[in-house]
Amino acid sequence: MARRPGIFGPPASWPAQDLIAFSAEFDEALVLAAYAEGVFPMPLHSSGFGQMGWWSPMRRGVLLPDALRTTRSLRKSAKHYTTTVDAAFTQVLERCADPSRPYGWIDDDIRRVYTALFEAGHVHSVETWDAAGRLVGGLYGVCLGGLFAGESMFHDPVYGRDASKVALVALVDLLDDEHAEERIVDVQWQTEHLASLGVIEVEREEYLGLLAEALAAPPPAWPVREGEHA
């Protein structure tokens, strides 16, 4: 069945580059529609446009839940942490948005829209805590059906060397049920670090096929929220 063109038009009309569009408009409805079409936002801070960029990489980084690689050292390290879900989204977002991080891209618009999407139940976070109760790692992303679109992750370089990896393991554990084969974790671009964890690259067209299957799958059973940690 052919894909129906959405707000970004038919994929065959997209440019043969990662950046496919930009806009002055940016809100929750547009973000959700974009993910459903295989597109995600990232601000064009250094372009001079002062607008939001919309991206669909020619080669997409994808983690299939059953493909996660965990080393013996990571499994050993994980025993020293605890993880939670949706317990400290604001803190995770702020740590991911730390301006001292290289290539920082999370601006006030991203904070505003993704916080609203979290409150609406479309965005989720996974937190990693050390034995002293410190938030030492985490990640957040958008969930639509069986798609988890990872947006950003962080770890504390002093107290949480493997903490972001532990958060990813916890996320995959959550996705690992009878519908796991239909789900995907979209990480946008593959890096050497992510490749070591089992992330592969797929062509844009293949990704859109995987996305269609994932969107038709049910979401995982996210825990009931009980309020954020202070």
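The values are calculated or read from the model by the stated rules, or taken from the named source; none is laboratory data. Values in this document were obtained by computation on a predicted structure and should not be read as measured data. Cβ placement follows ideal geometry from the backbone for every residue including glycine, while neighbour counts extend to all protein chains displayed. These accessible areas exclude ligands, DNA and RNA; they are computed on the full protein's heavy atoms, side chains included. Shrake-Rupley method; radii C 1.70, N 1.55, O 1.52, S 1.80 Å.
The table for this structure:
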item: Dipole in debye (nearest 20) - the chain, about Cα centre, beta carbon charges: Lys, Arg +1; Asp, Glu -1; result: 620
item: Qualifying trypsin sites (Lys or Arg not before Pro) in the stretch 15-77, DSSP loop, other Cβ atoms within 10 Å at most 16; result: 69
item: Residue 67-residue 108 pseudo-label distance in nm [points 7 Å out on the Cα-to-Cβ vector]; result: 4.0
item: GluC sites (Glu not before Pro) within the stretch 106-202, DSSP loop, no more than 12 other Cβ atoms inside 10 Å; result: 178
item: Global geometry of the stretch 106-230, whether rounded, prolate or oblate, following the gyration tensor of its Cα atoms and the 1.5 cut on a/c; result: prolate
item: Candidate values (i) 27, 21, 17; (ii) 35, 29, 16; (iii) 40, 22, 16, label of the one derived for semi-axes √(5λ) of the Cα gyration tensor in Å; result: (i)
item: Average accessible area per residue (Å²) across the chain - probe 1.4 Å, nucleic acids and ligands excluded; result: 51
